[in-house]
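Only one structure is covered here, and it is reproduced in the block below.
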Amino acid sequence: PSMTQSQKNALIVGASRGLGLGLVETFLARGWHVTATQRSPSPDLARLDAKSLRVETADIDDDAGVAALHDRLASERFDLIFVVAGVATQAHDPLHAVPREVAAQVYLTNAVSPIRFAEAFLDRLAPGGSIALMSSILGSVSLNESGGWETYRASKAALNTLARSFEIRHRAEKISVLILHPGWVRTD
């Protein structure tokens, strides 16, 4: 590859803090151009002063907002689309103690919305590009030896299952689909 090889381009979805913010910082440090999304304005993201950073606001649970983001990024092609966005609302409460609408929202945000986002943005992926989804070892059914984190665990198990189906559905398109467990990270 020549020295004038074009800059790699990443879309990090859910980058206002924590893992998403750390990924933005890491990819910028490695010379990538990064488009970072936030659900609401993030002071931490705003503090990053990089000419290779574009910040967009969108909520992955809002189909119209995702469609509008898709339109705003019409000219972009991404080598990596990394959906980090997720919630852990009432994660420490057992399922029966979590209101149904809260449990349903955790499932929608952590399992349904990332796959819907990936589906919507598949045409923005560069040839040979990767779609990465932030999962968790807590989503493993067989490794659940300690219990706890019930609605969160179930949502990540569902994400893993849906991601497998997504990859099978798009296998002929020669893209990579990654389901990642970040390990324990000291975030806020």
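The values are calculated or read from the model by the stated rules, or taken from the named source; none is laboratory data. Because the structure is predicted, anything quoted here is derived from the model rather than measured. Reconstructed Cβ throughout: ideal geometry from the backbone, glycine too, with neighbour counts over all protein chains shown. Quick note on the areas: whole protein, heavy atoms, side chains included, nothing else; ligands and nucleic acids left out. Shrake-Rupley method; radii C 1.70, N 1.55, O 1.52, S 1.80 Å.
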Amide H neighbours of residue 177 at under 5 Å, excluding residues fewer than 5 places away on the same chain, with H built from the backbone geometry, are 131
For residue 71, the accessible surface traced by a 1.4 Å probe with all protein chains present amounts, in square angstrom to the nearest 10, to 110 Å²
The chain, Gaussian network, Cα under 10 Å: of 167, 145, 76, the residue fluctuating most is 145
Within the chain, excluding any trypsin sites (Lys or Arg not before Pro) found in a DSSP loop (not H, G, I, E or B) and having at most 14 other Cβ atoms within 10 Å, the longest uninterrupted segment runs 78-173
Karplus-derived 3J(HN,Hα) from phi for the stretch 106-116 (6.51 cos²θ - 1.76 cosθ + 1.60, θ = phi - 60°), whole Hz, x at Gly and Pro, runs 4, 4, 4, 5, 8, 10, 6, 4, x, 6, 4
With label points set 7 Å from each Cα along the Cα-to-Cβ direction at residue 26 and residue 143, the distance between them in nm comes to 1.6 nm
In whole percent, the fraction of accessible protein surface over the chain that belongs to carbon or sulfur atoms, probe radius 1.4 Å, stands at 54 percent
Residues of the stretch 31-47 with backbone N under 11 Å of the label point set 7 Å from the Cα of residue 56 along Cα→Cβ are 35-38
Residue 48 neighbourhood, Cβ < 15 Å, K/R = +1, D/E = -1, net charge +1
Sorted by chain and number, the residues with a modelled amide H under 5 Å from that of residue 54, at a separation of 5 or more or across chains, are 34, 35, 36
Note, the stretch 14-22: 3J(HN,Hα) by Karplus (6.51, -1.76, 1.60, θ = phi - 60°), whole Hz, Gly/Pro = x, goes x, 10, 6, 7, x, 4, x, 4, x
Rounded to the nearest Å, the spacing of the alpha-carbon centers of the stretch 1-65 and the stretch 117-156 is 19 Å
Simple spin-label estimate for residue 92/residue 165, 7 Å along Cα→Cβ, in nm, reads 3.3 nm
For the stretch 21-126, the Kirkwood Rh over every pair of distinct alpha carbons, in Å, works out to 15.2 Å
Restricting to aspartates and glutamates and to Cα separations under 19 Å from residue 156, and discarding same-chain partners fewer than 8 apart, the set is 59, 61, 93, 101, 119, 145, 167
In whole Hz, the Karplus estimates of ³J(HN,Hα) for the stretch 117-129 (6.51, -1.76, 1.60; θ = phi - 60°; x where Gly or Pro) are 5, 4, 4, 5, 9, 4, 6, 9, 7, 5, x, x, x
Scoring the chain by relative contact order with C-alpha pairs under 8 Å, at least six apart, yields a percentage of 21 percent
Log entry: pair-distance distribution for the stretch 113-152, C-alpha pairs binned every 5 Å from zero, whole % per bin is 5, 18, 22, 14, 12, 12, 9, 6, 1
Once amide hydrogens are built 1.01 Å from N within the peptide plane, the residues lying 5 or more places from residue 78 or on another chain with amide H under 5 Å from its amide H are 125, 126
